[in-house]
Amino acid sequence: MDTNKRKKNILISLTFIFSLGIIMIFAVTIGPANVSFSQAANIIGSKIPFINNISDLSNVKNSQETIILQVRLPRIILSALTGMALAAVGTTFQGLLKNPMADPYIIGVSSGSALGASLAIVTGVSISIGYFMVPFAAFIGALISIFTVYNIARIGNKIPVYNLLLSGVALSSFLSAFTSLLMILNSNETSQILYWMLGSFSGKTWEHVRIAFPFITLGILSLYFFSRELNLLLFGESTAQNLGINVEKTKKLLLVLGSFTVASAVAVSGTIGFVGLIVPHSMRLIVGSDHRILIPVASLAGGIFMVFTDTIARTVLSPTEIPVGIITALFGAPFFIYLLKTKKTIGS
Amino acid sequence: MNYHIKMNNLNFGYSEKKILDDISITIQKGTFLSIIGPNGSGKSTLLKNIAKNLEPQSGEIWLETLDLLKLPPVELAKKMAVVPQTFQIDFPFTAMETVLMGRTPFLKRFQSETEKDFTLAKWAMELTNTWHLKDRSVTEVSGGELQRIIVARALTQEPKIILLDEPTAHLDIQHQMELLELLESLNKTTGLTVVTVLHDLNLASQFSEEVIMMKDGKIFASGKTSEVLNAENIRAVYEMEVLLAENPLNQKFNIIPLARSKNINIENKNIKIHIICGGGTGIYLIDRLQQLGYRLSAGVLNIGDSDWSKGKKAGIKIIEEAPFAKISEKTINNNLEAIFTSDLVVVTPIPFGMGNLPNLEMALSGAEKGKKVIIIKNNDPLLNQDFTNGKAKDILEKMETSGAEYVENYFDFFEYLESHFKERL
């Protein structure tokens, strides 16, 4: 990148970081209990080292502080993390598989985690053993399905992309059949399973954040680590190799890293659709295909988009919550169509 | 060690099908090597094995002193650049970004491109005439422009050896020449080793120092361009009849395709043909008739005549005379003997003058003794000129009354041979 472009990229990244911060604080203020932007900023500021000295809590009620810190903030942080994970992995998989239809779930994460979560729900272990049984079962389900797809697709030492896509589709159908069967046989839990599959951040706590945070941040950082390789992979595996990339090793690493990242997000949020598909495409239309800028920007945009849609999900029909997956599709699709029609250059 | 690449007993195939069969080649440092051969002969596969895009089942490849098959991709990329045959990119990178990717093997993970990298990219883009495209997206440029951008990226790698798989396939004629001339000049000035798969035999003959000719996954011939690209090899590999015409402008030669080859009949061994030719009119005939298995003689030919040297190379019987000399009595007797012992006499479309008129008279003697004489007509007015004040014309008429026949051209002559001798056999 030349100096101008590097400056431009830093500026874009800072803008997105700033926007994410602002939208998170705004989201915190929105809800049944009334909190102003400055109150929210002060409450959050008081918990952050170095700026806690300048935070002024004099006109903040205790109840407000509790709502902000214990109810809204963990949920918003979790939604931002999930959005970031989905968008970063979506970007990576689209590049890795050279397929514009690729999303984070393409190699079986969603169906595997859904089956895992459904099993935990219908067997009742989530009630008897512990609250975290559903995320845990979803995480294990995702990993088992990825492992299976990976091994079906593998030929000797290589993972041909088409094999990967097709075995992902095949296994997804297979696992979804089981999930559907579970739903039919356990009509009492059907809505709970459906709710989980559409995705929601309702009732999420700091505990969820603590579990998801290290996985997701490490995951996104490690994907960013491979942005140059991803650029070259877009030109084909042979070309990438001729330009010095160890293709098979990189592919495997990216698949494993991406899958772990998205499985962690899904475990705590359910299978929220659309974000991982359209946010990468939208950002590609705006900043181009260079993953060195695309991964951070798409990731931040995913966070922004998710915080925005989750805020709508929990407020628009308040006190009823709508699964956030419905909102992402409802708002994301028209926005994406608008971008497609105005920019017209997605791929060739 | 003066080789750049050395390949020993390389085998490559997909499950049952063998694509490369026990290939051993040596690529000299600083050479310009073309790999040619018909579709499916394995030339692209050979290139991909050298590029390490395909992994051979057995065999070894050395890049100078390094074991290429064990070399990490990044080390190979610092020495070797590859321009692939087909290319598709669906993601909008600019031409500049694309060319800069050639610097990847030299950059550390989070290191940005330096001033040197930009200078190299600009240099390569100016050489390939793509600098004006630098801000255009590679999804929007034409196939030929993309091809040149990819070549620019390869040059940005500062390679010691460059592999190209049919680099001229997407290019129109001026860009074909431009690209090959660029490679030629880099080859000459910087000693860049160029290895390219080419379809066009004329481009191969014009630009390459050496040629590897492949057939059915094997090396059919390899060596200096002029030694490999001859009518015989081309016939064997492509089943095509060609004429090699010297290009006096650049001391190279052009390859002119004539027709598909016909099958060789080994029974032809029993048939002897005497050729009356001269001045190069017999070159193709000698070559082809010998391939078809006929026994040949030719004469009288002056020593040093191009037909004479062709006949000598082919090892046929030649009745010869000193350069520019009158044909002697003894030579005439020898030639008559050759005519009388042959089954057929063929007269090529040569202009007749007083010097070679005896050749025509001898053909007449043959015709009068019942030998079949075939005269190949030619519509070339220059060749039809009579420099003998009608004497040649008289003889030709006499020959016709004695049963000599005319055919329109070389191809008709071969058809005549086929139909005439089929009955006899």
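No value in this document is a laboratory result; all are computed from the given coordinates. Predicted model only: the values in this text are computed from it and were never measured. All Cβ positions, glycine included, derive from the backbone under ideal geometry; neighbour counts span all protein chains shown.
Observations on the model:
- Neighbour-count order for B:Arg260, B:Arg235, A:Arg284, fewest beta carbons within 10 angstrom listed first: B:Arg260, B:Arg235, A:Arg284
- Label-reachable residues, segment B:147-165, where backbone N falls under 12 Å from a point 7 Å from B:Gln111's Cα toward its Cβ: none
- Square roots of five times the Cα gyration tensor eigenvalues for segment A:232-273, Å: 29, 10, 5
- Potential extension, A:Lys5-A:Arg210 segment - 0.36 nm per residue separation minus Cα distance: 70.2 nm
- Label separation (B:Asn39 vs A:Ser38): 7.8 nm, computed from points 7 Å beyond Cα along the C-beta direction.
- Taking amide H as placed 1.01 Å from N in the peptide plane, the amide H of B:Phe220 sits under 5 Å from that of B:Met213, B:Met214, B:Lys215, each at least 5 places away or on another chain.
- Computed over all pairs of different Cα atoms, the Kirkwood value for the hydrodynamic radius of chain A is 20.9 Å.
- If both residues of a DSSP beta bridge must be in chain B, then about 45% of such bridges are antiparallel.
- Set of lysines with alpha-carbon distance to B:Lys17 below 21 Å, sequence-local pairs under 8 removed: A:Lys158, B:Lys43, B:Lys48, B:Lys52, B:Lys215, B:Lys218
- Cα-based helix-to-principal-axis angle, B:115-127 vs chain B, degrees rounded to 10: 20
- Share antiparallel - DSSP beta bridges, segment B:3-257, percent rounded to 5: 60
- FRET efficiency estimate (nearest 0.05) - Cβ-Cβ, B:Ser226 to B:Lys18, R0 22 angstrom: 0.10
- Within chain A, the whole DSSP H helices whose Cα atoms reach 15 Å or more along their own axis and whose mean Kyte-Doolittle score is at least 0.5 are A:3-29, A:73-97, A:109-123, A:133-153, A:161-185, A:206-225, A:247-269, A:275-287, A:291-315, A:324-343.
- Most mobile listed residue (B:Thr65, B:Thr193, B:Thr98) in chain B, GNM with C-alpha springs under 10 Å: B:Thr65
- With neighbour counts taken as other beta-carbon atoms within 10 Å, the residues A:Arg6, B:Arg148, B:Arg103 rank, fewest first, as A:Arg6, B:Arg103, B:Arg148.
- Listed residue pairs exceeding 32 Å between alpha carbons, taken from A:Lys5/A:Lys98; B:Lys70/B:Lys134; B:Lys224/B:Lys377; B:Lys18/B:Lys224: B:Lys70/B:Lys134; B:Lys224/B:Lys377
- Cα shape, segment B:174-216, gyration tensor, a/c 1.5 rule: oblate
- Based on C-alpha pairs under 8 angstrom that are at least 6 apart in sequence, segment B:266-424 has a relative contact order of 20 percent.
- Arranged from fewest to most other beta-carbon atoms within 10 Å of their beta carbon, A:Tyr162, B:Tyr238 become A:Tyr162, B:Tyr238.
- Cα-centred dipole magnitude for the protein assembly as shown, charges only on beta-carbon of K, R (+1) and D, E (-1), debye, nearest 20: 2420
- Three principal axis lengths of the protein assembly as shown [C-alpha, angstrom, descending]: 133, 59, 49
- Within segment B:43-66: backbone nitrogen closer than 13 Å to the B:Asn9 label point (7 Å, Cα to C-beta): B:58-61
- Rounded to the nearest 10 degrees, the angle from helix B:173-190 to the longest Cα principal axis of chain B is 70 degrees.
- Cα long-axis angle, helix B:391-401 against chain B (0 to 90 degrees, to the nearest 10): 80
- Prolate/oblate/rounded call for segment A:180-307, Cα gyration tensor, a/c under 1.5 rounded: prolate
- Considering only A:Ala27, A:Ala240, A:Ala102, the mean-square fluctuation computed in a Gaussian network model of chain A, springs between alpha carbons under 10 angstrom, is largest for A:Ala240.
- Net charge dipole size for segment B:3-257 [Lys, Arg +1 and Asp, Glu -1 on Cβ; Debye, nearest 20]: 700
- Segment A:24-171 shape via C-alpha gyration tensor axes, a/c threshold 1.5: prolate
- Cα-Cα P(r), segment B:3-257, percent of pairs per 5 Å interval: 1, 6, 13, 17, 18, 17, 13, 9, 5, 1, 0, 0
- Listed residues A:Thr91, A:Thr239, A:Thr328, most fluctuating in chain A (Gaussian network, C-alpha, under 10 Å): A:Thr239
- Residues of segment A:33-47 with amide N under 11 Å of the 7 Å Cα→Cβ point at A:Asn59: A:36-39
- Reciprocal of mean inverse Cα separation for segment B:266-424 (Kirkwood radius, Å): 15.5
- Cα-Cα pairs of segment A:143-210 separated by more than 14 Å (percent): 70
- Reported to the nearest whole Å, the Cα centre-to-centre distance from segment A:169-244 to segment B:1-31 is 45.
- Note on chain B: Cα-Cα pairs beyond 30 Å make up 55% of the total pair count.
- Test item: B:105-118 mean partner chain Cβ contacts at 10 Å: 2
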